[in-house]
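Below: the structure, in structure tokens.
Rule-based calculations on the coordinates, nothing more; no lab input. Remember, it's a predicted structure, so these values are computed and weren't measured experimentally. Here the Cβ is made from the backbone with ideal geometry for all residues, glycine too, and neighbour counts use every protein chain on show.
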Amino acid sequence: MIETPLTKILNIRVPIVQGGMHWVSYPSFVAAVSNAGALGILTALTQPTPDALRIAIRETRKLTDKPFGVNITILPSIDTPDYAGYAKAAVEEGVRIFETAGNNPGPLITYFKSNDCIIIHKCTSIRHAQSAAWHGVDILSIDGFECAGHPGEDDIGGLVLLARAAQELKKPYIASGGIADGRGLAAALALGAAVMHTGTRFLCTVESPAHQNIKDKIVSSTEQDTVHIFRTLHNSSRVFKNSVSQEVVDIERRPGGAKFSDIQHLVDGQKGKKVYETGDPEAGVWSAGSCVGLIKDVPSCKELVERLEREAEDIIEGLEKLRVRRTDAKL
């Protein structure tokens, strides 16, 4: 077993957290991740209302007696969700682990802290991580440029960002972005992280509700098959490279740039939902990390977690063999 400060705090057997994915992180999937020994995360905004989230939490709890959390992401939106309502519903249902992300989570952090919750906040820069720590976040999730979804605007890869986190942060942190195998887990631990975080790798598992066609598409993809949209709008998001995301990029590159209204019809969230439901990878934009190039199969969550753990342990033990006592070394 690999034990870290965060496996103890989060009460998980393996230092792995499943990314909270929109239209994917439903109860049966989240429960499968938690039952496998990692930390499953429900996505609050996948549920249409706070009351629907209550039901999802109850369904998850029927399927697992292991810890799981809830993600609440605050991003620019035409119709602002009831963030406070989702938070209240989850807390009242007994959830005590929350992952927050996005803009100005201060009010949520205050509310969660007042209810003795553990708060994980996703950050894409050291300065944002330091600010989150100052606001009382318990655990920082450090997202490198390779991650699916929103990587920030600094374009710093995980290798440097995680090493900088080790230099600057006093609170424990999670490594996120580009991690999909045991090598990534071992590397994250070497860089000072106490847990690895992955969404795209869990997306491609048996229990994931994504259509099998999407899982097959991920398996056949390479690290070249993602692209950033919203770059010119300073809200970059890494998604799978398809005809829709390429059209978004083309519009953004037009002379004079683009407004959100120019691309809104292409990036509608319901179209992304159809990707997972219908299995058509061209139906809309859908998040995917560059780690798609590392994914070669569709295991169960249990098989995946056990494999990641075993691979990381083997690599850590193998690295120890590289050490040579000075008295035994050939000079």
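With the charge dipole of the stretch 190-331 set up from +1 on Lys and Arg Cβ and -1 on Asp and Glu Cβ about the Cα centre, the Cα lying farthest toward the positive end among the listed residues ALA288, SER243, PRO255 is that of PRO255. Each Cα pair under 8 Å and six or more residues apart adds its separation to the average, and for the stretch 213-278 the resulting relative contact order is 25 percent.
Between the beta carbons of LYS113 and SER28, assuming R0 = 25 Å, the FRET efficiency works out to 0.25 to the nearest 0.05.
Calculated FRET efficiency, TRP134 to ARG231, Cβ-Cβ distance, R0 = 25 Å: about 0.30 to the nearest 0.05. Proximity of backbone amide H atoms, modeled 1.01 Å from N, is registered between VAL17 and LEU39, MET196, HIS197, THR198 at under 5 Å, excluding neighbours fewer than 5 places apart on the same chain.
Just so you know, the Cα atoms of the chain work out to an Rg and Dmax of 19.6, 70 Å. For the stretch 105-202, the spread of Cα positions along the three principal axes, ordered from largest to smallest, is 38, 26, 24 Å.
Restriction of the trypsin sites (Lys or Arg not before Pro) in the stretch 155-223 to DSSP coil positions whose beta-carbon has at most 12 other beta-carbons within 10 angstrom yields LYS170. The trypsin sites (Lys or Arg not before Pro) of the stretch 234-287 that meet both conditions, a loop assignment by DSSP and at most 16 other Cβ atoms within 10 Å of the site Cβ, are ARG253, LYS259. Average the reciprocal distances over every distinct pair of alpha-carbons in the stretch 178-295, invert the result, and give the Kirkwood radius in Å. Taking every pair of different Cα atoms in the stretch 178-295, averaging 1/r and inverting gives 15.2 Å.
All other residues whose Cβ lies under 13 angstrom from that of ILE2 are scored, Lys and Arg at +1 and Asp and Glu at -1, for a net of -4.
Projected label points at ASP250 and GLU3, each 7 Å from Cα along the beta carbon direction, are separated by 5.7 nanometres. Normalised by residue count, the stretch 11-148 yields a Cα convex hull volume of 108 Å³ per residue. The fraction of all Cα pairs in the stretch 255-317 landing in successive 5 Å bins from 0 to the largest distance is 3, 13, 13, 16, 15, 12, 8, 8, 6, 5, 1, given as whole percents. Using only side-chain charges placed at the Cβ, +1 for Lys and Arg and -1 for Asp and Glu, the dipole size of the stretch 213-278 relative to its Cα centre rounds to 100 debye.
With contacts taken as Cα pairs under 8 Å at a separation of at least 6 residues, the chain carries a relative contact order of 17 percent. Compared with the rule-of-thumb size 2.2 N^0.38 Å for a compact globular protein, the stretch 213-278 has a Cα radius of gyration ratio of 1.17. Normalised by the number of residues in the stretch 261-331, the mean separation of alpha-carbon contacts (under 8 Å, six or more apart) gives a relative contact order of 17 percent.
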